[in-house]
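Notes to accompany the following structure.
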Amino acid sequence: IKDWDDLVKPGIKVIVVNPKTGGNGRMAYLAAWGYVKKKGGSDAEAADFVSKLYKNVPVLAKGGRDATTIFLQRNIGDVLVTFESEVVSVDREFGEGKVDAIHPSISIVAENPVAVVERTVAKKGTGTLAKEYLDYLYSEEAQEIAAKHALRPRSQTVLKKYSKTFKPLQLFTVNEVFGSLADAQKVHFNDGGQFDKIYTVK
């Protein structure tokens, strides 16, 4: 197993989170779809590829932790598709070398969303503090903390320092391929959307 193409081969069992119940699953699905698009494929080709991928999914996990448990404790599947930060958690929890971490050639930027909620900060009078915290998250110091916890840093300096953890990948954003997360949700994950068309619960 080296890249996305290997996950659609007959007989390969892939463990992934249900994109209708977990963000980890949505990002995995969008990453697979975007992989085809970034290589010049059409939406029809992407749909075909993702359909083949989900035919190799014996059971959909409810969330990221559930997927890891299915894969490592129940020993189901050949491949676990998850966030790269989960690899570090797996190494810490189950022992280094328990899994082979494979980084695909192309993947999606999956960041923890952060925002200042104007109504809340207005009510609590914490607007300045919230904005300062938001700014701090992208400082070199905070990016270093993120990297130590296996969250891919935005800072190129910190990224280089942690090159053993973060392999060089061709990354694309949700907006680049799908317009926005809201658009992706509507087209792919809402009831009757693209995911429902390609996946039938086993």
### Query
If we keep just the residues of segment 66-117 that are in a helix (DSSP H, G or I) and of a type in the set (Asp, Glu), which is farthest from residue 173 (Cα to Cα)?
93
### Task
Would you point out the residue of segment 179-197, among those that are surrounded by fewer than 18 Cβ atoms within 10 Å (Cβ to Cβ) and either in contact (Cβ under 8 Å) with a residue 60 or more places away in the chain or closer than 18 Å to residue 32 by Cβ (or both), that is farthest from the chain's Cα centre (by Cα)?
197
### Members of segment 118-127 found to be exposed (fewer than 10 other Cβ atoms within 10 Å of the Cβ) and either among the polar types (S, T, N, Q) or assigned to a loop (DSSP other than H, G, I, E, B) (or both), listed by number
125
## Note on the structure
Of the residues in segment 15-47 that are surrounded by 20 or more Cβ atoms within 10 Å (Cβ to Cβ) and not in a helix (DSSP H, G or I), the one that is modelled with the lowest pLDDT is 22
## Note on the structure
Per the filter on segment 154-178, residues modelled with pLDDT of 95 or more and under 22 Å from residue 32 (Cα atoms) are 170, 171, 172, 173, 174, 175, 176, 177, 178
### Task
Name the residue, out of 54, 35, that is farther than 25 Å from residue 153 by Cβ, touching a residue at least 24 places away in the same chain (Cβ under 8 Å) and among the hydroxyl-bearing types (Ser, Thr, Tyr).
54
### Message
When you scan segment 159-166, do you find a residue that is in contact with a strand residue (DSSP E or B) (Cβ under 7 Å, 6 or more places away or on another chain) and surrounded by 11 or more Cβ atoms within 10 Å (Cβ to Cβ), even just one?
### Response
no
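The values are calculated or read from the model by the stated rules, or taken from the named source; none is laboratory data. A quick note: this is a predicted structure, and the numbers were derived from the prediction, not measured. With ideal geometry, Cβ positions are generated from the backbone for all residues, glycine too; neighbour counts draw on all protein chains shown.
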